[in-house]
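Here's the structure we're looking at; comments come further down.
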Amino acid sequence: MAAVTQTATPSMWSEEELAEVRGNLQTEIDELNADILRHESEIASGDVTQGAGDDTADAGAKTYEREREIALTLNARDLVAQNERAIARIDAGTYGVCESCHKPIGKERLQAFPRATLCVTCKQREERR
């Protein structure tokens with residue numbers, strides 16, 4: 001059992017590192033929420049400006065812009081949910097543990113993608129399906 005603890009030690013996070021990751025995730029949540037509000041405002045204002053008399057090209061451009069804003073909003077909401085889930089894992093003490101095999105997720109992977117829930121091996125296996 002001691003060998004497992006020693007093997008896991010290099011990938012473990014200090015309290016300071018976890019606090020930094022948590023702060024970065026929270027900052028990103030705040031920025032994404034601001035983006036969501038901006039996109040929703042642009043979507044709403046686009047609905048008001050669409051009116052009769054638009055030619056086909058104008059209507060198409062407005063539809064494209066509206067769909068783009070909706071896609072950006074949905075993407076931002078998804079990232080907020082992923083960040084909130086990562087913060088919940090930090091709070092629960094399970095951050096950095098693969099949700100599939102329950103082995104440690106490499107620290108480098110989490111530094112590159114702090115929302116990761118799977119180790120590289122499990123993620124590759126999932127993507128092959």
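Here, each number is a calculation from the coordinates, and none is a lab measurement. Note that the coordinates shown come from a computational prediction; the quantities given were computed from them, not determined experimentally. Because the Cβ atoms are built from the backbone with ideal geometry, glycine has one as well, and the counts that use them run over all protein chains shown.
Worth a mention:
- Note on LYS107: aspartates and glutamates with a C-alpha under 16 Å away, same-chain residues under 8 apart excluded, are GLU15, GLU16, GLU17, GLU20, GLU99.
- Sequence of TYR64, TYR95 once ranked by neighbouring C-beta atoms within 10 Å, starting from the fewest: TYR64, TYR95
- The Cα center of the range 18-41 and the Cα center of the range 82-120 differ in position by 18 Å.
- Where (i) 75, 34, 19; (ii) 42, 35, 29; (iii) 49, 35, 29 are the candidate values, the label of the one calculated here for Cα extents along the principal axes in Å is (i).
- Based on Cα contacts under 8 Å between residues 6+ apart, the chain shows a relative contact order of 27 percent.
- The chain: angle of helix 56-92 to the longest principal axis, Cα-based, in degrees nearest 10: 20 degrees
- Each of ARG129, ARG38 was scored by other Cβ atoms within 10 Å of its Cβ. Arranged with the fewest first, they read ARG129, ARG38.
- For the range 75-129, GluC sites (Glu not before Pro) are listed when DSSP marks them as loop and at most 16 other Cβ atoms sit within 10 Å of their Cβ; the list is GLU99.
- In this structure, the amide hydrogen of VAL97, modeled 1.01 Å from its nitrogen in the peptide plane, lies closer than 5 angstrom to those of ILE105, counting only residues at least 5 positions away or on a different chain.
- As a proxy for reagent exposure, ranking HIS39, HIS102 by other Cβ atoms within 10 Å from fewest up yields HIS102, HIS39.
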